[in-house]
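The values are calculated or read from the model by the stated rules, or taken from the named source; none is laboratory data. Just so we're clear, the structure is a prediction, and the values are computed from it rather than from any experiment. Using ideal geometry, Cβ is built from the backbone for each residue, glycine included, and neighbour counts are taken over all protein chains shown. Accessible surface is based on the protein model in full, side chains and every heavy atom, while ligands, DNA and RNA are left aside. Shrake-Rupley method; radii C 1.70, N 1.55, O 1.52, S 1.80 Å.
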Amino acid sequence: MSFVFFDTETTGLKRGFDQILHFAAVRTDENLNEVARFETRSRLQPHVLPHPSALRTNGLPIESLTRW
């Protein structure tokens, strides 16, 4: 058996309005030894305005969300 632990960073807490900006996951074996790791980021969509509290909480600078 294995376990998957994951975390997301978003632009706020309103489901259906806010956007996931960062997703990370770690898969472990039954002894909680890391087996695999995955991480990805997304660019901020033009119509989404991040909540200031979300930016402060997740520590993602706005500049890094709008480039690439």
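Brief remarks follow.
- There is no residue in segment 43-58 that is part of a strand (DSSP E or B) and touching a Leu at 6+ places or on another chain (Cβ under 8 Å).
- If you go through segment 55-68 and keep only what is in contact with an Asp or Glu (Cβ under 9 Å, 6 or more places away or on another chain) and farther than 14 Å from Ser42 by Cβ, you end up with Thr57, Gly59.
- Total residues in segment 36-45, condition over 21 Å from Leu13 (Cβ atoms) and either at pLDDT below 90 or surrounded by 12 or more Cβ atoms within 10 Å (Cβ to Cβ) (or both): 0
- Within segment 4-38, the set of residues being within 16 Å of Leu55 (Cα to Cα) and in a strand (DSSP E or B) comprises Asp7, Thr8, Glu9, Thr10, Ile20, Leu21, His22, Phe23.
- Taking (1) at pLDDT 85 or above; (2) farther than 29 Å from Ser2 by Cα in turn, Asp29 satisfies each apart from (2).
- Whichever residue in segment 1-35 is among the small types (Gly, Ala, Ser) and open to solvent by 50 Å² or more (accessible area, probe 1.4 Å) and, among such residues, is farthest from the chain's Cα centre (by Cα): Ser2
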